[in-house]
Amino acid sequence: MQVPEVSESFTGQVIKITLGATKADGGTRTSTVTIGGARNVTYGGSIEDRSEKPVIAMDVLDTKPNKWPDVLAEPYKDVLDSPGDWAKKCIEKFGADLICIKFDGIHPDKANKDAAHAVKITEQVLKTVGVPLILWGCGNDAKDNEVMPKVSEAAKGQKCLIGTIKEDNYKSLTAIALADGHFLISEAPLDINIGKQVNILASDMGFPLERIVAFQDTGALGYGMEYSYSIQERQRLAALSGDKVMAMPVICDVGYESWRAKEANQIDAPGWGAAAGRGPIWEATTAICLLQAGADIIRMRHPKAVATVKNFINEIW
């Protein structure tokens, strides 16, 4: 007996976005990345209803991380002092689709690096790799407002994804991203109403909704991933139901959140299995769960986890 295909129809569609500017578009990128476009949930509808294939952005920190567990730092031990070489290794050896420069080093409570440092790193990575870039601030509003406009200017015309903007801190970065031709990441603390409000605030400043990627704070497996999944699912269903203010693609910060979990980074835990496998499994499992909720870009860190998730994406899409 053949089981008939059951497909719920939707009236809306997720916005499709192409990151990166090639020479033909006035940039220097040798490739672009297109995300979004879904007309149905991940397993729903026909092949034509599916989104563009989700992509993986691998993190490159602007300063050498000093708190990464050995199992995470080991694959990068020869490049941790050189963000350009680090990015190149992520692309050429580990198969990243794009690079996320995470400016941890500018945070006042960390290395407190200045705008000149951030600009130098941005230019170095732009020169070394040809994929589109994500430029992600440190999370301190005052420092991000000081540094990220300079970073945006250094990458002007490259159609980067830059962020993040929040409900109470959005004006400076929105204005500069608009002027420099970038895409924006709108951030909300696992609250669909705040997420919608941030998008509206950016739009009220003249920033096109078609150039926004949504980011709801991401929880890792065992540490709020279920709630993250629920919010992502609600956001996707709102988009598919025709809500234009919620119709943007989604990015999830899986790598950072997963490696904060003690199950991933605690070495002395023999009952949990070998640390070399435990952390990558934690990261990969979190990513695969959120992909099924509709995530379009996954930020990741460990190459073993990346390989697992890429295999899953290729199987589903």
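The values are calculated or read from the model by the stated rules, or taken from the named source; none is laboratory data. Quantities reported herein were computed from a predicted structural model and do not represent experimental measurements. Positions of Cβ are generated from backbone atoms using ideal geometry, with glycine treated the same way; all protein chains shown enter the neighbour counts. Ligands, DNA and RNA are excluded from the accessible area calculation, which covers all protein heavy atoms including side chains. Shrake-Rupley method; radii C 1.70, N 1.55, O 1.52, S 1.80 Å.
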Margin query: Please count how many residues of the range 160-172 are within 27 Å of GLN124 (Cβ to Cβ) and out of contact with any Asp or Glu (no Cβ under 7 Å at 6 or more places or on another chain).
Written below: 4
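Would you point out which residue out of ASN140, ASN145, ASN112 is on the phi > 0 side of the Ramachandran plot, at pLDDT 95 or above and polar (S, T, N, Q)? Outline the logic, then answer.
Values: ASN140 fails: on the phi > 0 side of the Ramachandran plot; ASN145 fails: on the phi > 0 side of the Ramachandran plot.
So the residue among ASN140, ASN145, ASN112 that is on the phi > 0 side of the Ramachandran plot, at pLDDT 95 or above and polar (S, T, N, Q) is ASN112.
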Note to self: Restricting to the range 87-116, name every residue that is among the charged types (D, E, K, R) and either open to solvent by 50 Å² or more (accessible area, probe 1.4 Å) or farther than 14 Å from GLY139 by Cα (or both).
What the structure shows: LYS88, LYS89, GLU92, LYS93, ASP97, ASP109, LYS110, LYS113, ASP114
Next item on the list: Could you grab me the full set of residues in the range 117-139 that are closer than 12 Å to THR164 by Cα, out of contact with any Asp or Glu (no Cβ under 8 Å at 6 or more places or on another chain) and crowded, with 17+ Cβ neighbours inside 10 Å?
Entry: ILE134, LEU135, TRP136
Next item on the list: Output the residue which, of all residues in the range 18-51 that are open to solvent by 70 Å² or more (accessible area, probe 1.4 Å) and of a type in the set (Asp, Glu), is nearest to PRO83 (Cα to Cα).
Entry: ASP25
Notebook entry, point to check: If we keep just the residues of the range 186-219 that are outside any helix (DSSP H, G or I), modelled with pLDDT of 95 or more and out of contact with any strand residue (DSSP E or B) (no Cβ under 9 Å at 6 or more places or on another chain), which is most open to solvent (accessible area, probe 1.4 Å)?
Noted result: MET205
Next item on the list: Taking the options ALA239, ALA264, ALA276, name whichever one is assigned to a helix (DSSP H, G or I), open to solvent by 10 Å² or more (accessible area, probe 1.4 Å) and not β-branched (Val, Ile, Thr).
Entry: ALA276
Margin query: I'd like to check something: does the range 67-76 contain any residue that is without any contact (Cβ under 8 Å) to a residue 24 or more places away in the chain, open to solvent by 10 Å² or more (accessible area, probe 1.4 Å), among the aliphatic types (A, V, I, L, M) and farther than 21 Å from ILE251 by Cβ?
Written below: yes
Checklist line | Criterion: within 26 Å of ILE200 (Cβ to Cβ), buried (at least 24 other Cβ atoms within 10 Å of the Cβ) and of a type in the set (D, E, K, R) - qualifying residue of ASP144, ASP180 | finding: ASP144
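Please specify each residue of the range 283-295 satisfying the condition of being in contact with a strand residue (DSSP E or B) (Cβ under 7 Å, 6 or more places away or on another chain) and in a helix (DSSP H, G or I). Let's see the steps before the verdict.
Quick first cut of the range 283-295, residues in contact with a strand residue (DSSP E or B) (Cβ under 7 Å, 6 or more places away or on another chain) only: 283, 286-287, 290-291, 294-295.
GLU283, THR286, ALA287, LEU290, LEU291 - these are the residues of the range 283-295 that are in contact with a strand residue (DSSP E or B) (Cβ under 7 Å, 6 or more places away or on another chain) and in a helix (DSSP H, G or I).
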Next item on the list: Kindly indicate whether GLN232 is of a type outside the set (A, V, I, L, M, F, W, C), closer than 30 Å to GLY279 by Cβ, in contact (Cβ under 8 Å) with a residue 40 or more places away in the chain and open to solvent by less than 10 Å² (accessible area, probe 1.4 Å).
Entry: yes
Next item on the list: For LYS244, state whether it is touching a strand residue (DSSP E or B) at 6+ places or on another chain (Cβ under 9 Å) and farther than 27 Å from VAL60 by Cα.
Entry: no
Note to self: When the residues of the range 8-17 are narrowed to those that are open to solvent by 60 Å² or more (accessible area, probe 1.4 Å) and either assigned to a loop (DSSP other than H, G, I, E, B) or within 15 Å of ILE134 (Cα to Cα) (or both), which ends up modelled with the highest pLDDT?
What the structure shows: GLN13
Note to self: Between a residue in the range 291-317 that is more than 12 Å from ILE56 (Cα to Cα) and surrounded by fewer than 23 Cβ atoms within 10 Å (Cβ to Cβ) and any residue that is modelled with pLDDT under 95 and basic (Lys, Arg), which pairs come within a Cβ distance under 8 Å, given they are 6 or more apart or on different chains?
What the structure shows: TRP317/ARG50
Notebook entry, point to check: Is it true that some residue in the range 52-71 is of a type in the set (Lys, Arg), under 30 Å from GLN266 (Cα atoms), out of contact with any Lys or Arg (no Cβ under 7 Å at 6 or more places or on another chain) and at pLDDT below 95?
Noted result: yes
